[in-house]
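One structure is given below, encoded as structure tokens.
The values are calculated or read from the model by the stated rules, or taken from the named source; none is laboratory data. Remember, predicted model here, so these are calculated numbers, not experimental data. Counting neighbours? That spans all protein chains shown, and the Cβs are built from the backbone with ideal geometry, glycine included. Side chains are part of the model used for accessible areas, which takes the heavy atoms of the whole protein and leaves out ligands, DNA and RNA. Shrake-Rupley method; radii C 1.70, N 1.55, O 1.52, S 1.80 Å.
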Amino acid sequence: MGIPESLESQIRFVLEADRLKTITRQTMIAGGSRRENSAEHSWHLALMAVVLAEHAPPGTDLGRVGAMLLLHDLVEIDAGDLFLYADAAAQARQEEAERAAAERIFAILPEPQASELRALWEEFEERRTPEARFARALDRLQPMLLNLQTRGGTWREHGVTLDQVLPKLDLIEDGSPSLGGYARTMIATAVERGILAPAAT
């Protein structure tokens with residue numbers, strides 16, 4: 001009995017996803033010994049969704065949140081990781097590269113699974129549901145937590161200032177008011193301690 005073609009496609013996708021382990025991000029792991037990779041980042045976010053589930057909006061489908069978090073950075077296999085505080089031109093180039101990557105990577109899967117998982121990726125990007133907004137909130141909170149643990153981490157390395165971080169706090173609050181409030185307190189503490197530079201004048 002032969003192996004179904006759909007299973008062969010699913011296994012190819014799973015093996016392709018292994019390449020995410022080779023994509024290095026800017027953010028340092030909490031111990032400060034090295035930078036995290038994108039697969040570690042995705043796992044960490046999925047874990048946060050489980051642990052912080054009570055901070056999601058009422059009625060949130062946490063299964064969808066977890067799936068989005070595990071899928072959202074697969075496009076970095078082709079596009080690489082872009083620093084969160086990169087300029088608008090770099091952000092636009094990254095968006096184009098990520099859309100091309102989504103076309104290639106999700107097409108490895110059989111239909112209708114390819115379209116279903118691609119739609120989850122799009123939902124995350126567009127933040128059009130409570131699930132997507134909560135997932136994006138976690139995606140913005142995690143590097144802040146790691147920067148605090150590493151005494152400024154990439155904030156200090158790249159000269160990031162408070163005014164650059166504040167819009168990210170808005171995204172966290174939009175997905176989870178309680179996590180947004182926590183993040184605002186954390187960022188205020190970071191400025192007080194000199195871990196994050198105050199707003200540029």
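Somewhere in region 46-63, is a residue of a type outside the set (Lys, Arg), within 16 Å of the chain's Cα centre (by Cα) and crowded, with 21+ Cβ neighbours inside 10 Å?
Looking through region 46-63, at least one residue is of a type outside the set (Lys, Arg), within 16 Å of the chain's Cα centre (by Cα) and crowded, with 21+ Cβ neighbours inside 10 Å.
Residue 68 - would you say it is closer than 17 Å to residue 38 by Cβ and either open to solvent by less than 70 Å² (accessible area, probe 1.4 Å) or of a type in the set (Ser, Thr, Tyr) (or both)?
yes
I'm checking my understanding of the structure. Among residues of region 65-101 that are out of contact with any helix residue (DSSP H, G or I) (no Cβ under 6 Å at 6 or more places or on another chain) and of a type in the set (Gly, Ala, Ser), which one is modelled with the highest pLDDT?
100
Checking residue 76 against (1) touching a Lys or Arg at 6+ places or on another chain (Cβ under 8 Å); (2) open to solvent by less than 30 Å² (accessible area, probe 1.4 Å); (3) not aromatic (Phe, Trp, Tyr), which single condition isn't satisfied?
(1)
For region 1-85, list the helices (runs of 4 or more DSSP H) that sit wholly inside it and hold at least 1 residues that are farther than 21 Å from residue 139 by Cβ and touching a residue at least 40 places away in the same chain (Cβ under 8 Å); which are they?
Qualifying helices (runs of 4 or more DSSP H): 5-17.
Of the residues that make up region 190-201, is at least one open to solvent by 30 Å² or more (accessible area, probe 1.4 Å), at pLDDT below 95, hydroxyl-bearing (Ser, Thr, Tyr) and over 18 Å from the mean Cα position of the chain (by Cα)?
Yes; the residues of region 190-201 include at least one that is open to solvent by 30 Å² or more (accessible area, probe 1.4 Å), at pLDDT below 95, hydroxyl-bearing (Ser, Thr, Tyr) and over 18 Å from the mean Cα position of the chain (by Cα).
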